[in-house]
Amino acid sequence: MTRTILAAAAFALVASGQAMAFQRPAATATAQKPAKDGTTAEERSNTARLNAEQAARAKADNTTYAQEVSAAQQQVAHDQQVFIDETAAYEAEKARVAAMSAEERMQWEADAAACKAGDTTRCAAPAKPPH
């Protein structure tokens, strides 16, 4: 019987606490008067705060993205300049080797013609026989 009374008292306390949780104090009820759209000042304030936070995150993301795009463009420009420089160096070396080869060929042709004409000083040395 005592248990029943204690259980009933505990139930009554819990029920009254829950009922109190759903009641608004009189001062809060007047401060939380809904606007024409049905929202309270607190809800509008929270919405404005959340919107401002989201806008700040979006702005930071946009700034980061713009920096990444700029860095990528700078890398592409650098890579293109390196390619241009390396291509120019290759072409210059190719032209140098072609000019040297042409000069050596002209000298060889002149020496061969002189040798055939009888100038033995311009003839190639005889090949050594293999041992």
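Below are the figures for this structure:
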quantity: Flag for Lys116 being of a type in the set (D, E, K, R) and surrounded by fewer than 10 Cβ atoms within 10 Å (Cβ to Cβ); calculated: no
quantity: Residue within the stretch 55-66 that is closer than 30 Å to Ala125 by Cα, at pLDDT 85 or above and surrounded by 10 or more Cβ atoms within 10 Å (Cβ to Cβ) present; calculated: no
quantity: Total residues in the stretch 106-125, condition of a type outside the set (Ser, Thr, Tyr) and not in a loop (DSSP other than H, G, I, E, B); calculated: 12
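The values are calculated or read from the model by the stated rules, or taken from the named source; none is laboratory data. Here the structure is a predicted model, which is why all the values come from computation and not from measurement. Virtual Cβ from ideal backbone geometry, glycine too; neighbours counted across all protein chains shown.
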